[in-house]
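Novice: I have a structure I would like to understand better, so I am pasting it below and will then ask my questions one at a time.
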Amino acid sequence: MPSDTSEPRALPTPPTPGTTPTTGYRSLLRDREFAGLYAGFTLTAAASTLSGFALGTLVDHQTGSPFLTAVSMYGASFATVLGALTLMSVADGARPRRTLVALQWVSLLGVAAQAVPGLPLGARFGLLLLLGFFQSLGTGTRMGLLAEVVPASAYAPARSLINITSGGMAVLGYAIGAVLLRYLSPQGVFVTAAALTGAGLVIMAVTVRERSIRLTRRPGLRRTWTTNRELFSHAGQRALLLNLWVPNGLVVGCEALFISYAPQHAGALLAAGSAGMLLGDLTVGRLLTAGQRRRHAFGLRLLLAVPYLLFAAHPPVVPAAAAVFLASAGFAATLPLQEQLLELTPDPVRGQVQGVESAGRMMWQGIGAAIAGGAAQHLGAGPAMAAVAAVSVAVTVFSRPLVVRARPVRVSGG
């Protein structure tokens, strides 16, 4: 939809490389709108972790299939690419708050539907795909709002805080999920997840205001395709997105095999991974300057996968958890790559470009889960994790020279 009267703003000036962000976490949280977005995201992330763990456990009990268990935990990510290819331009529409509220309602209904007793597995997987489609649009809208709620100089710490919270909620979510499943059925855990989703919806709705600094063109299928074509028109830009998507997705595929690898200790392995991700994001987001983050991005992407090579020897739980913790710190490589992408993206398409990045990352999590689950059917969980990690390392190494060639996205007029 066309914007009201505001002109598109100029491309934000990125922080000078090598400088430390001046905006701290407490300063960000004093801003009512950011606090609302952040709280809504936190509760939604906790709900997603609980529901994914409950569904994975339910599918594992019903089928005993590593492939179906892995896909059930991360299958919603398959549908995110449909949102990126069709309607992601709604993330830059004239009323992003209204759009985000509507999408949160869809998520609430979908999570609540999973709590229906006796729901066939086919229906559960259908709900996963439907939710993945709408969640991809919600992520693009939320990230577009974030880039408007906080100044450009505060974007890196804001994303760092969100990433840290994602890891923290996963730690709590998997740990609490494992405890809850000792006393509740998976349906009871789904009800808890639905309550958290509803709380996040209410908080976001009452704290975030509507904004009008948006596209002067009507969002839709044609606008989505045009911007995506411009986004993927340069080899460096494609390599940047490749590094945001593929190595992460393949390692998430390794995580999707934790239940199959050690059914009684899967919660501990998942919590170790989430704790490592939290520590990595905290260190990279707050202790390193922008220039240092950029320089260490390649090493962090290698760290993300290399420890999983240990699983070829099928280590016991304690060293396995230590390897997972160390590897998950490498997820912090996402932050400098996201900063680079924001610097290359003009204001009018920030929501769509960030939505495409997030959708691709989520899609590759689903692909990684499917690849790892399929490999585990033939190799076993441990060797499959090592093989997938080796592919992640290869992608990181061979695509590195192209990342520096990424250049700004062009925005066509009209």
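Novice: From the backbone phi of the range 120-127, what are the Karplus-calculated ³J(HN,Hα) couplings (6.51 cos²θ - 1.76 cosθ + 1.60, θ = phi - 60°) in whole Hz, Gly and Pro given as x?
Specialist: Per residue, the Karplus-derived 3J(HN,Hα) values read x, 4, x, 5, 5, 5, x, 4 Hz.
Novice: With θ set to phi - 60° and the Karplus curve 6.51 cos²θ - 1.76 cosθ + 1.60, what are the ³J(HN,Hα) couplings of the range 372-386 in order, to the nearest whole Hz, using x for Gly and Pro?
Specialist: Each residue of the range 372-386 in turn: 5, x, x, 5, 5, 4, 10, 9, x, 5, x, x, 5, 4, 5 Hz.
Novice: Can you run phi through the Karplus equation (6.51, -1.76, 1.60; θ = phi - 60°) for the range 263-276 and list ³J(HN,Hα) in whole Hz, with x for Gly and Pro?
Specialist: With coefficients 6.51, -1.76 and 1.60, one gets x, 7, 10, 4, x, 5, 5, 5, 5, 4, x, 5, 5, x Hz.
Novice: Once the other residues with Cβ under 10 Å from the Cβ of S399 are scored (Lys, Arg +1; Asp, Glu -1), what is the net sum? Could you put the intermediate results ahead of the total?
Specialist: On the way: positive: R238, R301, R400; negative: none.
Combined, the nearby Lys, Arg, Asp and Glu give +3.
Novice: To the nearest 0.05, what FRET efficiency results for Q187 and R295 with a Förster distance of 45 Å applied to their C-beta separation? List each step's numbers first, then the result.
Specialist: Values: r = 48 Å, r/R0 = 1.08.
So the FRET efficiency works out to roughly 0.40.
Novice: Once you order the gyration tensor axes a ≥ b ≥ c over the Cα atoms, which shape class does the range 28-403 get: rounded for a/c under 1.5, otherwise prolate or oblate by comparing a/b with b/c?
Specialist: Values: a/c = 1.55, a/b = 1.19, b/c = 1.31.
Oblate.
Novice: While we're on this one: Just want the answer: with Cβ charges of +1 for Lys and Arg and -1 for Asp and Glu, which residue in G40, A390, F53 is farthest toward the dipole's positive end in the range 28-403?
Specialist: G40
Novice: Along the Cα→Cβ direction, 7 angstrom out, place labels at H61 and V206. What is the inter-label distance in nm?
Specialist: Distance between the two pseudo-spin positions: 3.6 nm.
Computed from the coordinates by the stated procedures, all read-outs in this text should not be read as laboratory data. What you are looking at is a predicted structure, and each value in this text was computed from that prediction instead of being measured. Cβ atoms come from the backbone with ideal geometry, glycine included; neighbour counts cover every protein chain shown.
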